[in-house]
Structures are given as C-alpha cells and as structure tokens.
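The values are calculated or read from the model by the stated rules, or taken from the named source; none is laboratory data. All values derive from a computational prediction rather than experimental measurement. Here Cβ is always computed from backbone atoms with ideal geometry, including for glycine, and neighbour counts include all displayed protein chains. Just the protein is used for accessible areas: all its heavy atoms, side chains included, with ligands, DNA and RNA removed. Shrake-Rupley method; radii C 1.70, N 1.55, O 1.52, S 1.80 Å.
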Amino acid sequence: MRKGASICVVMPVRNPGHEFAGSIQSLCGQTNKDFTVLISDNFTTKEGDFVAKAAHELRQSGIDCQVIRPPAELGRVEHWNFACTQP
C-alpha cells in the first residue's frame, strides 16, 4: 500500500455483483484520492472478473489498490477480521 495514505478502504468480497461495481465507481470519482483500497477476495466462484476489473479501474484513476486472498475460504466475520488485519 502507498506510504503516507491516511485511510485504507477495506472491501472483503465473495462473488461481488453490480453493487460492488457501483462502490468502485464511487471511489474512482472522489476528488481527494489520498487513500488506498484493499480488496480481499474470499474465493469468488462467479463473476471473478469484477475483482480484476475493479482493481484495474482504481489504479487507472490514480488510487493505490491491492487484491489479496485469505489462505482458505472463511466465513463472513472471519473474512472481515482477516481483511482488517492485513498490512
């Protein structure tokens, strides 16, 4: 993640849909882009291109983005905890 950014937007996802795409568009539209985005993909089984496309769009708009994956499929709360504890 970019050094010096004061905010990290954490997005734990699994099989994201159009709502996720809307969130990415909202982030890309921000005028102050002094933040990073961490997308944690919990073993998406469908619509996996949404994650790659989102990361690409964020980077194209000047936002540092990292995509990670937990070591194993997690429940919703465990996935949130995992994503929030990543460096």
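For the range 56-87, a tally of residues being within 18 Å of Thr44 (Cα to Cα) and small (Gly, Ala, Ser) returns 3.
Looking at this structure, is Lys33 open to solvent by 50 Å² or more (accessible area, probe 1.4 Å) and within 12 Å of Arg14 (Cβ to Cβ)? Before the answer, list the steps.
Numbers: open to solvent by 50 Å² or more (accessible area, probe 1.4 Å): yes; within 12 Å of Arg14 (Cβ to Cβ): no.
No: the conditions fail for Lys33.
It is to be established whether one or more residues within the range 33-44 are touching a His at 6+ places or on another chain (Cβ under 9 Å) and not aromatic (Phe, Trp, Tyr).
Initially, the range 33-44 is screened for residues touching a His at 6+ places or on another chain (Cβ under 9 Å), giving 40, 42.
Checking which are not aromatic (Phe, Trp, Tyr) leaves us with 40, 42.
So far as the range 33-44 goes, yes, one or more of its residues are touching a His at 6+ places or on another chain (Cβ under 9 Å) and not aromatic (Phe, Trp, Tyr).
Conditions (1) touching a strand residue (DSSP E or B) at 6+ places or on another chain (Cβ under 8 Å); (2) within 13 Å of Cys8 (Cα to Cα), marked per residue:
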| residue | (1), (2) |
| --- | --- |
| Asp41 | yes, no |
| Thr44 | yes, no |
| Ala54 | yes, no |
| Asp64 | yes, yes |
| Val67 | yes, yes |
| Pro70 | yes, no |
| His79 | yes, no |
| Thr85 | no, yes |
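Residues are listed down the side, and each one gets a yes or a no for (1) in a strand (DSSP E or B); (2) open to solvent by 50 Å² or more (accessible area, probe 1.4 Å):
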site: Phe20; (1), (2): no, no
site: Gln25; (1), (2): no, yes
site: Thr45; (1), (2): no, yes
site: Ala54; (1), (2): no, no
site: Gln66; (1), (2): yes, yes
site: Pro71; (1), (2): no, yes
site: Leu74; (1), (2): no, yes
